[in-house]
Ligand code: SF4
């Protein structure tokens, strides 16, 4: 519908919308994050959900203790190689539509422990991440911003067509392979389906 | 302040066959320690805990150290074919693994007493007695030493890996640990990381 016509109608007290706008408005206003934290970043996540920063203002007040009831995974903290399979398993157990926010330097890249022997270099090696937040730790405002970014992303998702989200596409996977504990490292060390090793190209 | 030399003598007098060496420490920490052999480790630990004057009833910390094989090069004058020459003599000292225990006495309010034990070498005979039966607080810390350094503790009630997963083969805190080759692009590599960057992205 034409934007101008819609404005004109709303001035007359007639509200119009599209089904997908309504659908996405409902989804983005009621996001249930999974309640778990992995390291120091989790403290900031907790702060963001409490009275002072109040994540509830954005419609995400209920942190669910079960992945079956959650649709947002906030990976808040260091993902060790020993923990990574459990994080992927929890993600697999969440019903679609589901989203992931990787919070903090550790979750997005390994952070201060990047060259360590036991820390995963970012959870996006195994599951698709929607929003990355840098920082060590990111302040609660940064988490709020990431959450608003996610809401914008949900808002813009079409219900049909090529750009439709994964949960409306029967061919897209909703589960991702859980890495196994190997003798020296996780097997496989990354899931090529979701993660591509960066290629450096230099000009001149 | 406890007098290490007198404790050393008292241990040798009370524990039959025990030989204790005082290891001085010239660094700013200036914390000398007692080196005991593994064979008498348990008896000495019991003596330190139960002796009426010492009563070291609390082990606050147990950790491991890896000492690599060392080569000592000395220049000696030798007569070769009737001519006196300076010849380099290389003596090899086998490396060893070491455990360090920090002991305190809650009752007598003194400490720390630093107790060291060394394995014969770094490979086949990396075995030492477990002191968990003397100080319960050693249990997890000895498991950690076993996990990260590979020292096998004889008499430990539950010697399993604690930080890394069970199928893991390496001991990551050993100095010759080779980490999995999982370097990925980094914007500002330096030192060792720069070496890896050159290997993985030649010409960049
Ligand atoms: S990014 Fe910093 S604050 Fe967050 S988990 Fe890692 S070390 Fe802790």
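Read-outs: derived from the displayed coordinates by stated rules, not from any lab. All values reported here derive from a predicted model rather than from experimental measurement. When we count neighbours, we look across all protein chains shown, and the Cβ atoms used for this are built from the backbone with ideal geometry, even at glycine.
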Principal axis dimensions, largest first and in whole angstrom, of segment B:1-109 by Cα: 68, 28, 25
If the convex hull is drawn through the Cα atoms of segment B:1-52, its volume per residue in Å³: 85
Chain B: relative contact order in percent, alpha carbon pairs under 8 Å with at least 6 residues between: 16
Inter-chain Cβ neighbour average for residues A:109-115, partner chain, 10 Å: 2
Sites residue B:125 and residue A:66, calculated FRET efficiency, Cβ-Cβ separation with R0 41 Å, nearest 0.05: 0.25
DSSP bridge pairs, the protein assembly as shown: antiparallel proportion in percent, nearest 5: 70
Rg over Rh [alpha-carbon atoms, Kirkwood Rh] for chain A: 1.03
Gaussian network model of chain A, springs between alpha carbon atoms under 10 Å - residue of A:194, A:178, A:100 with greatest fluctuation: A:194
Dimensions (Å) - segment B:87-197, Cα atoms, principal axes, largest first: 55, 47, 31
Most fluctuating residue given options A:12, A:69, A:93, as computed from a GNM of chain A linking Cα atoms under 10 Å: A:12
Per-residue mean of C-beta atoms belonging to partner chains within 10 Å, peptide B:70-77: 0
Angle between chain B longest axis and helix B:138-149 axis [Cα atoms, degrees, rounded to 10]: 20
Stokes-Einstein translational diffusion, the protein assembly as shown - Kirkwood Rh over all Cα pairs, 1.306 mPa s, 10 °C, in µm²/s: 60
Ordering of A:163-174, B:171-182 by packing [mean C-beta count within 10 Å, highest first]: B:171-182, A:163-174
Separation of alpha-carbon centers, segment B:125-141 and segment A:57-91, rounded to whole Å: 37
Between 0 and 90°, nearest 10: helix B:38-50 axis offset from chain B longest Cα axis: 40
Degrees, to the nearest 10: A:19-28 long Cα axis against longest axis of chain A: 50
Highest to lowest packing among A:112-123, B:80-91, scored as the average C-beta count within 10 Å: A:112-123, B:80-91
Rounded FRET efficiency, nearest 0.05, which uses the C-beta distance separating residue A:2 from residue B:179 and R0 of 56 Å: 0.40
Partner chain coverage, peptide B:162-171 - average Cβ within 10 angstrom: 4
Space enclosed by the convex hull of the alpha-carbon atoms of chain B, per residue, Å³: 230
Cα→Cβ-extended label distance, 7 Å offset, between residue B:186 and residue A:54, nm: 4.3
Mean separation of Cα contacts under 8 Å (6+ apart) over length of chain A, as relative contact order %: 19
Relative packing of peptides A:24-33, B:28-37 - highest average C-beta neighbours within 10 Å first: A:24-33, B:28-37
